[in-house]
Amino acid sequence: MLQKTHTLAGLVAAECVIIYYNQPLLSWESGAALLIGCLVGPLADIDKRGSTMAKILLPLSWLLQILRVKHRTLTHSLLFLVLLGYLLTPLPDFYYWTIIAAYASHPLIDLLNDQGVALLWPLNRKFRFLPKPVAIDTGSLQEIIFRTTLAVLAIILPFALWDSF
Ligand SMILES: [Zn+2]
């Protein structure tokens, strides 16, 4: 999936956490959570040379290249998610779950892609939700439709928070 699709998925994930914690939408905490969602959603693609995240976090991207970490392996795995969860435990629950949900949204929607994700890395077997003929190809019309659906969801979800405005 493209970076803009992952950004929207991270945003939707952050909105879900805001709703779960009954956080007023017009608050600094929610603003920070929405920003975190947008930034963390595409983060796992730091393993892809030339991606926006790889360019922004160039030293980390170089390190992954030196270690020969392939795309959609380590940074897209459940193992990495568990390690991230462990590292973030000092954070307050609200921010902890915002980051975890936004990060997890990445491999979750990549599972819709035809190339699949090495979810159980270091095992190299790749998983995907959909059979290859109907899986969403990166940059395809299906991805545009999927991204539009996420955008609509990102607009609709705050109305679920209407009472707390
Ligand atoms: Zn990815």
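The values are calculated or read from the model by the stated rules, or taken from the named source; none is laboratory data. Please read all numbers here as calculations on a predicted model, not as lab measurements. All Cβ positions, glycine included, derive from the backbone under ideal geometry; neighbour counts span all protein chains shown. Please note that ligands, DNA and RNA were not included when accessible areas were found on the heavy atoms of the full protein model with its side chains. Shrake-Rupley method; radii C 1.70, N 1.55, O 1.52, S 1.80 Å.
Computed values, structure above
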| quantity | calculated |
| --- | --- |
| Accessible area (Å², per residue) of the chain, counting only protein heavy atoms and a probe of 1.4 Å | 57 Å² |
| Qualifying lysines (Cα of each under 24 Å from Cα of K132; at least 8 residues distant if same chain) | K4, K48, K70 |
| Between helix 28-40 and the chain: long-axis angle, C-alpha atoms, 0 to 90°, nearest 10 | 10 degrees |
| Simple spin-label estimate for K4 and T149 in nanometres, 7 Å along Cα-Cβ | 1.8 nm |
| Distant alpha-carbon pairs in region 3-164 (separation over 28 angstrom), percent | 22 percent |
| Chymotrypsin sites (Phe, Trp or Tyr not before Pro) within region 101-131: DSSP coil, no more than 12 neighbouring Cβ in 10 Å | none |
| Rel. contact order, % - alpha carbon contacts under 8 angstrom, at least six apart, the chain | 31 percent |
| Dipole magnitude of region 3-164 about its Cα centre (Cβ charges: Lys, Arg +1; Asp, Glu -1), debye to nearest 20 | 780 debye |
| The chain: angle of helix 93-110 to the longest principal axis, Cα-based, in degrees nearest 10 | 40 degrees |
| Most positive-pole-ward Cα, I156, S30, L112, against dipole of the chain from beta carbon charges | L112 |
| Between helix 141-156 and the chain: long-axis angle, C-alpha atoms, 0 to 90°, nearest 10 | 20 degrees |
| Solvent-accessible area, 1.4 Å probe, carbon plus sulfur percent, for the chain | 71 percent |
| Proximal charge balance of T98 [Cβ under 12 Å; K/R count +1, D/E count -1] | -3 |
| Residue among L39, L11, L141 farthest towards the positive dipole end of the chain, charges placed on Cβ | L141 |
| Set of aspartates and glutamates with alpha-carbon distance to K126 below 15 Å, sequence-local pairs under 8 removed | D110, D114 |
